[in-house]
Amino acid sequence: MTAGRVFDPAGLDACIACGFCLPACPTYRLTGDEASSPRGRIALMRAIDDGTVDVFDAAARHQGSFCLGCRACEPACPAGVPYGRLLEQLRDAQWTGRRRPLLVRPLLAFAKRRRLIRLLGRLRRHARFTPPEPTPADGDTLLLGCFERVLYPGVSRAAADTLPGVRAAPDQGCCGALHAHNGDLARGERLAEQLADRPGRIVSTAGGCSAHLAAVAGRDRVLDYSEALLERGEVPGPVLVGGRPARIGLQESCHLRNALGVHEAPRVVLRRLGDYVEVPGAGDCCGAAGTYAILRPRDGRRVLAAKLAALADLDLDFLVVVNPGCQRQLTTAVRRAGLRTRVVHLAELVAAARDERR
Ligand code: SF4
Ligand code: SF4
């Protein structure tokens, strides 16, 4: 690897090595090791770019994979270092060809298969219920995330049902976040540009997709589901459990919070939906982190452990998520821990509240 070819120089140069980001970093908190902190990784990136360290060096590959990509270091940084972008560039250089993690390859291949995604999404929906056809309109487009469509089709359906005027076009493709975060930056950007060619704004129920689309298409083209809901003023409530308002907590999406700065809007919605309980560390990563929980399940569970203990103490009726990866990670963890708490997407709870009022 030739020196100076991997990272945006301005991004690396911005770091003043102050260390303010260290306490925010989950992998630094786990290890106490400077090398596993944002500042340590930026020092490593500089060494890669000046040719001192090979990009495929074992320690460099470990850090490229051990970092969650949660971007909690960005809001903590006074110098505006674009850490998420630097990590994407590191993986773009490291996770190429046969060096790409084996488990990531079928996921990227699946995300390319637009027809297959549509078909599986339909099969899953029909297995649960028969939804009405989406209402075409000229307004915002609902992003039907490629994995959400297959794993949690009820989320897309609930979002479409609770956002009047939104268009759920079934022919849309992947937004490219999966590619950008897993070593294929060029394809990730191309896919986002294709989606952004559609008129109007894009409404997303997945924080990771929102952040990637906003980085490529511009923040003004992207809305989180919670923002779109509040804009329309359509929040029903409350959800009742045993005749009382439900006790509801929130697990934030890292990218929604740290990259787009959306943290209050979901809470505003939840306060209307029931008895809102602040979960300690709600903004901390749950360890799902895109493909992280698949590639590094043990580390993903280590990151999750403190959150799970807090959830056991809170005894919530619902834990609300705003990203499908968090939904999968927390549904599994909560079930294994034997908690009675149900993990649901925000759109599903809004749809349930609306149905209660009918
Ligand atoms: S992205 Fe997350 S895990 Fe990676 S350096 Fe930043 S805070 Fe740490
Ligand atoms: S807070 Fe920002 S400037 Fe300071 S060490 Fe971390 S990345 Fe560098």
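The values are calculated or read from the model by the stated rules, or taken from the named source; none is laboratory data. Only a predicted model underlies this, so the values are computations on that prediction, with no experimental measurement involved. Note: ideal-geometry Cβ built from the backbone for every residue, glycine included; neighbour counts use all protein chains shown.
Listed here are the residues, each with its yes/no results for (1) outside the structural domain of C67 (by TED's automatic domain parsing); (2) outside any helix (DSSP H, G or I); (3) within 22 Å of E74 (Cα to Cα); (4) polar (S, T, N, Q).
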site	(1), (2), (3), (4)
A288	yes, yes, yes, no
A293	yes, no, yes, no
A309	yes, no, no, no
D313	yes, no, no, no
V320	yes, yes, no, no
R328	yes, no, no, no
G338	yes, yes, no, no
A347	yes, no, no, no
A351	yes, no, no, no
Review point. Is it the case that some residue within the range 37-45 is more than 10 Å from ligand 2 (Cβ to nearest atom), buried (at least 16 other Cβ atoms within 10 Å of the Cβ), of a type outside the set (S, T, N, Q) and closer than 17 Å to P82 by Cα?
Key: yes
Exercise for review: Answer with yes or no whether A79 is more than 27 Å from N323 (Cβ to Cβ) and part of a helix (DSSP H, G or I).
Suggested key: no
Practice item. Determine if the range 15-30 includes at least one residue that is among the small types (G, A, S), within 13 Å of ligand 2 (Cβ to nearest atom), at pLDDT 95 or above and under 26 Å from the mean Cα position of the chain (by Cα). Key: yes
Check your understanding: Could you count how many residues in the range 318-340 are touching a residue at least 12 places away in the same chain (Cβ under 8 Å) and surrounded by fewer than 21 Cβ atoms within 10 Å (Cβ to Cβ)?
Key -> 6
Check your understanding: If the Cβ limit is 8 Å and pairs must be 6+ apart or interchain, which residue in the range 45-72 that is more than 24 Å from H212 (Cα to Cα) pairs with which residue that is part of a loop (DSSP other than H, G, I, E, B) and within 15 Å of ligand 2 (Cβ to nearest atom)?
Key -> I48/F7; D49/F7
Point to revise | Hits in the range 1-40 - residues which are closer than 16 Å to A59 by Cβ and free of Cβ contacts under 8 Å to residues at least 40 places away in the same chain | key: Y28, T31, D33, E34, A35, S36, S37, R39, G40
Practice item. Being in a helix (DSSP H, G or I), under 20 Å from the mean Cα position of the chain (by Cα) and not aromatic (F, W, Y) narrows it down to one of G69, G40, G84, so name that one. Key: G84
Revision key, fill the gap. Residue hits (the range 254-304; within 19 Å of the chain's Cα centre (by Cα), under 21 Å from A337 (Cα atoms) and of a type in the set (A, V, I, L, M)) are V279, A282, A288, A289, A293, I294, V303, L304
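Let's see how each residue does on (1) of a type outside the set (G, A, S); (2) within 11 Å of ligand 1 (Cβ to nearest atom):
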position	(1), (2)
C18	yes, no
P26	yes, yes
S36	no, yes
V53	yes, no
G80	no, no
Review point. If you check L260 against the conditions, is it part of a loop (DSSP other than H, G, I, E, B), touching a residue at least 40 places away in the same chain (Cβ under 8 Å), at negative phi and assigned by TED's automatic domain parsing to the domain that holds A288?
Key: yes
Practice item. Determine which single condition R71 fails, assuming it passes every other condition in (1) within 13 Å of ligand 2 (Cβ to nearest atom); (2) out of contact with any helix residue (DSSP H, G or I) (no Cβ under 9 Å at 6 or more places or on another chain). Key: (2)
**Study point:** Residues of the range 296-317 satisfying the condition of being touching a Pro at 6+ places or on another chain (Cβ under 6 Å) and crowded, with 17+ Cβ neighbours inside 10 Å
**Key:** V303
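Each row is one residue, and each column tells you yes or no for (1) among the acidic types (D, E); (2) assigned by TED's automatic domain parsing to the domain that holds F56; (3) assigned to a loop (DSSP other than H, G, I, E, B); (4) over 22 Å from R267 (Cα atoms).
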site	(1), (2), (3), (4)
R187	no, no, no, yes
R190	no, no, no, yes
E193	yes, no, no, yes
P199	no, no, yes, yes
H212	no, no, no, yes
A215	no, no, no, yes
S226	no, no, no, no
Revision key, fill the gap. Picking from R221, R201, R190, the residue that is without any contact (Cβ under 8 Å) to a residue 40 or more places away in the chain and either under 23 Å from L346 (Cα atoms) or touching a strand residue (DSSP E or B) at 6+ places or on another chain (Cβ under 6 Å) (or both) would be R221
